[in-house]
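Scroll down for the structure; my scribbles are underneath it.
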Amino acid sequence: MNKLQEARNQVLQQIEQACQLAGRLQQSVELLAVSKTHPAEMLREMYTTGQRSFGENYLQEALEKIEALADLEIEWHFIGHVQRNKTKHLASNFAWVHGVDRLIIAERLSAQRDVSQQPLNICLQVNIDDQDSKDGCAPDEVAELVRQISLLPNLKLRGLMVIPAPNNTQAFFDARQLFEQVKAEHAHPEDWDTLSMGMSGDMVDAIAAGSTMVRVGTALFGARDYSK
């Protein structure tokens, strides 16, 4: 068994154990492999382990990998902050965008998504614990953003994405509460199914609070190399 297969098996085992502790089914939590800074060859090898969803933070790097791995059926997620001048590439090349926190960004993504493609899956990024250093809308802005974005064509609003401060496990429960509040009022509750939270170091706590998608990089691929 190669190192990537072993690493993925260990992460899946952690997810399974966390789900058991929380009284949840393992299949209720999706593993998103965060592959930023890692070469396309490593993603190709991870693909052979059964991994299909990959998350990228840097657009230019992601576009190069998407082209290099075009022969594989990868579901590409963009999980970085979304800038206005990047929306066209995001709308064309990704299945999911997690970093939407303003209406203007959603409007641009909707207008630039080709009608021949499946609707672009969107998660609202929420600054759940009011960190100065984090992007995201305020929790009290979510309901109105959901109402407005739900009216846009070519998008499917799936849920929330949060990145709490380290060791702030309460923020995961706050995010789950907000997620459930919105679902109760959402015009399309059947689409509102994704709570993207938890990474290599805190995914057990995130799953306990109700995460449906964990974004794992280091535990799968090893330490990131930012020198390239």
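I need a count of the residues in region 1-25 that are outside any helix (DSSP H, G or I) and more than 11 Å from A208 (Cβ to Cβ).
Counting residues in region 1-25 that are outside any helix (DSSP H, G or I) and more than 11 Å from A208 (Cβ to Cβ) gives 3.
Could you figure out which of (1) of a type outside the set (K, R); (2) surrounded by fewer than 20 Cβ atoms within 10 Å (Cβ to Cβ); (3) touching a residue at least 40 places away in the same chain (Cβ under 8 Å) isn't true of N93?
Going through (1) of a type outside the set (K, R); (2) surrounded by fewer than 20 Cβ atoms within 10 Å (Cβ to Cβ); (3) touching a residue at least 40 places away in the same chain (Cβ under 8 Å) one by one, N93 breaks only (3).
Looking only at region 170-198, which residues are farther than 19 Å from R158 by Cβ and hydrophobic (A, V, I, L, M, F, W, C)?
Hits for region 170-198 are A171, F173.
The rows are residues; the columns are (1) in contact with a Ser or Thr (Cβ under 7 Å, 6 or more places away or on another chain); (2) aliphatic (A, V, I, L, M).
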site: Q27; (1), (2): no, no
site: E30; (1), (2): yes, no
site: K36; (1), (2): no, no
site: M42; (1), (2): no, yes
site: E45; (1), (2): no, no
site: L69; (1), (2): no, yes
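Residue pairs, Cβ under 7 Å, 6 or more apart or interchain, first in region 45-69 and within 23 Å of V82 (Cβ to Cβ), second hydroxyl-bearing (S, T, Y). List them.
Matching pairs, first to second residue: F54/S35; G55/S35; E56/S35.
Residues are listed down the side, and each one gets a yes or a no for (1) at pLDDT below 95; (2) within 16 Å of H77 (Cβ to Cβ):
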| position | (1), (2) |
| --- | --- |
| N2 | yes, no |
| Q17 | no, no |
| V34 | no, yes |
| E41 | no, no |
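Residues are listed down the side, and each one gets a yes or a no for (1) surrounded by 19 or more Cβ atoms within 10 Å (Cβ to Cβ); (2) closer than 21 Å to M199 by Cα; (3) modelled with pLDDT under 95:
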position	(1), (2), (3)
L21	no, yes, no
F54	yes, yes, no
E64	no, no, no
R84	no, no, yes
G99	yes, yes, yes
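Just one of (1) surrounded by fewer than 19 Cβ atoms within 10 Å (Cβ to Cβ); (2) more than 22 Å from L90 (Cα to Cα); (3) in contact with a Ser or Thr (Cβ under 7 Å, 6 or more places away or on another chain); (4) touching a residue at least 40 places away in the same chain (Cβ under 8 Å) trips up P153, so point out which.
(2)
Of the residues in region 175-209, how many are free of Cβ contacts under 8 Å to residues at least 60 places away in the same chain and over 30 Å from N2 (Cβ atoms)?
Of the residues in that region, 21 qualify.
Across region 66-82, what is the number of residues that are more than 15 Å from the chain's Cα centre (by Cα) and surrounded by 15 or more Cβ atoms within 10 Å (Cβ to Cβ)?
Count: 2.
Considering only residues that are touching a residue at least 40 places away in the same chain (Cβ under 8 Å) and under 15 Å from the mean Cα position of the chain (by Cα), look in region 126-150 and name the one that is surrounded by the most Cβ atoms within 10 Å (Cβ to Cβ).
If we take residues in region 126-150 being touching a residue at least 40 places away in the same chain (Cβ under 8 Å) and under 15 Å from the mean Cα position of the chain (by Cα), then V126 is surrounded by the most Cβ atoms within 10 Å (Cβ to Cβ).
Considering only region 26-60, state which residues are in a helix (DSSP H, G or I), within 18 Å of G222 (Cα to Cα) and touching a Lys or Arg at 6+ places or on another chain (Cβ under 8 Å).
Within region 26-60, A40, L43, M46 meet the criteria.
Tell me which residues, restricted to region 198-224, are closer than 18 Å to E56 by Cβ, among the aliphatic types (A, V, I, L, M) and surrounded by 21 or more Cβ atoms within 10 Å (Cβ to Cβ).
M213, V214, V216, L220
The values are calculated or read from the model by the stated rules, or taken from the named source; none is laboratory data. This one's a predicted model, so the numbers in the text were calculated from it and none came from an experiment. Neighbour counts are summed over all protein chains in view; Cβ atoms, including those assigned to glycine, are modelled from backbone coordinates with ideal geometry.
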